[in-house]
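Accompanying notes for the structure given below.
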Amino acid sequence: MLKQRIITALILAPLALAGFFLLYGVKFALFIAGVVTLAAWEWARLAGFAAQWQRVLYAAAMLGAIYQLWWHPHWADTVLLAGAAWWVLAVMLVALFPRMALLWQGRVQGLLIGFVVLLPAWQGLQVLKSWPEGNALILAVMILVWGADVGAYFAGKTWGKRKLAPAVSPGKSWEGLFGGLFLTLLITAGVAWQREVDSASLLLMLCGTLVVVLFSVVGDLNESMFKRHVGIKDSSNLLPGHGGVMDRIDSLTAAIPVFTLLLWVSEWGAL
């Protein structure tokens, strides 16, 4: 299993990095659309659709929605706000699982949720790419998510005792969450020091980091909640040793729109 994970990572990592940071314009939009379409194919299964034709049809519908967003960039603020609204609601759904499962368990609800999970992530990346230092901003949100994962893993392994969301993901602990937050705050402080930002800006950066990282955890738990509902471990087997595309981007689907909206509110760019 470890060998398989390493081989897959060695093949996919350069392709992913090239797609995110070397492509621009239509090519970048198509690359991200490809990732989101594969994730949509997996999401249909999480929503309760096992037939291949149903999953392909849903993936095609997601691609059609992305096509509309490409030609209507003025919808960006609405899409991102809808995504943020879902993630705020998801906090409650995850925390109360399975007591409020009736709100999202239906197959139609599941498909609709897939749109507000995946489309804002695509839209957020398009917006980030169009802003000054676009690649640096995309790298920043990825580092926050990866840093949170790394910090949570080691802190959880070392000190993890209190379960964070036992009904959804028994392996996650509060100690792991705090470890991930600590590492990402440390990274943010280091970047702020290197850039010689003032104390007010540093405070905003640290607060923003807290918000983005916490929602990235919700993104992870949200997918786990759907997987637990349908009784599967991985969203698919597309990535040998790593599960599916959704398993790799679940945290990013929440972090990206929240990160983009925070930058928008701070007047970094205009939507």
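The values are calculated or read from the model by the stated rules, or taken from the named source; none is laboratory data. Quick caveat: nothing in here was measured; it's all calculated off a predicted structure. FYI the Cβ positions are ideal-geometry reconstructions off the backbone, even for glycines, and counts take in every protein chain you see.
For residue 169, indicate whether it is crowded, with 16+ Cβ neighbours inside 10 Å and within 19 Å of residue 121 (Cα to Cα).
Working: crowded, with 16+ Cβ neighbours inside 10 Å: yes; within 19 Å of residue 121 (Cα to Cα): no.
So residue 169 fails the test.
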Residue 186: passes all of (1) assigned to a helix (DSSP H, G or I); (2) surrounded by fewer than 15 Cβ atoms within 10 Å (Cβ to Cβ); (3) in contact (Cβ under 8 Å) with a residue 40 or more places away in the chain but (3)
When residue 221 is run through (1) under 25 Å from residue 15 (Cβ atoms); (2) among the hydrophobic types (A, V, I, L, M, F, W, C); (3) at pLDDT 95 or above; (4) more than 9 Å from the chain's Cα centre (by Cα), the failure sits at (1)
Kindly provide the set of residues from the range 219-256 that are surrounded by fewer than 18 Cβ atoms within 10 Å (Cβ to Cβ) and part of a loop (DSSP other than H, G, I, E, B), ordered by number.
-> 231, 232, 233, 234, 237, 240, 241, 242
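Every residue in the range 96-107 that is in a helix (DSSP H, G or I) and in contact (Cβ under 8 Å) with a residue 24 or more places away in the chain, please. Show your work before the answer.
To start, the set of residues in the range 96-107 that are in a helix (DSSP H, G or I) comprises 101-103, 107.
Selection gives 101, 107.
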Considering each residue of the range 41-56, count those that are in contact with a helix residue (DSSP H, G or I) (Cβ under 8 Å, 6 or more places away or on another chain) and on the phi < 0 side of the Ramachandran plot, and give that number.
-> 11
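Go over the candidates 79, 35, 56 one by one and state the one that is surrounded by 13 or more Cβ atoms within 10 Å (Cβ to Cβ), closer than 18 Å to residue 246 by Cα, within 20 Å of the chain's Cα centre (by Cα) and of a type outside the set (Asp, Glu).
On the way: 79 fails: closer than 18 Å to residue 246 by Cα; 56 fails: within 20 Å of the chain's Cα centre (by Cα).
Testing whether each residue is surrounded by 13 or more Cβ atoms within 10 Å (Cβ to Cβ), closer than 18 Å to residue 246 by Cα, within 20 Å of the chain's Cα centre (by Cα) and of a type outside the set (Asp, Glu) leaves just 35.
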Among the numbered conditions (1) modelled with pLDDT under 95; (2) part of a helix (DSSP H, G or I), tell me where residue 118 comes up short.
-> (1)
Only one of (1) more than 30 Å from residue 74 (Cβ to Cβ); (2) surrounded by fewer than 18 Cβ atoms within 10 Å (Cβ to Cβ) does not apply to residue 204, and that is (1)
Here is a list of conditions, (1) without any contact (Cβ under 8 Å) to a residue 12 or more places away in the chain; (2) farther than 17 Å from residue 250 by Cα, and residue 28 meets all of them except one; can you say which number that is?
-> (1)
Would you be able to say whether some residue in the range 206-214 is hydroxyl-bearing (Ser, Thr, Tyr) and touching a residue at least 12 places away in the same chain (Cβ under 8 Å)?
-> yes
Among (1) of a type outside the set (Lys, Arg); (2) assigned to a helix (DSSP H, G or I); (3) surrounded by fewer than 19 Cβ atoms within 10 Å (Cβ to Cβ), where does residue 177 come up short?
-> (3)
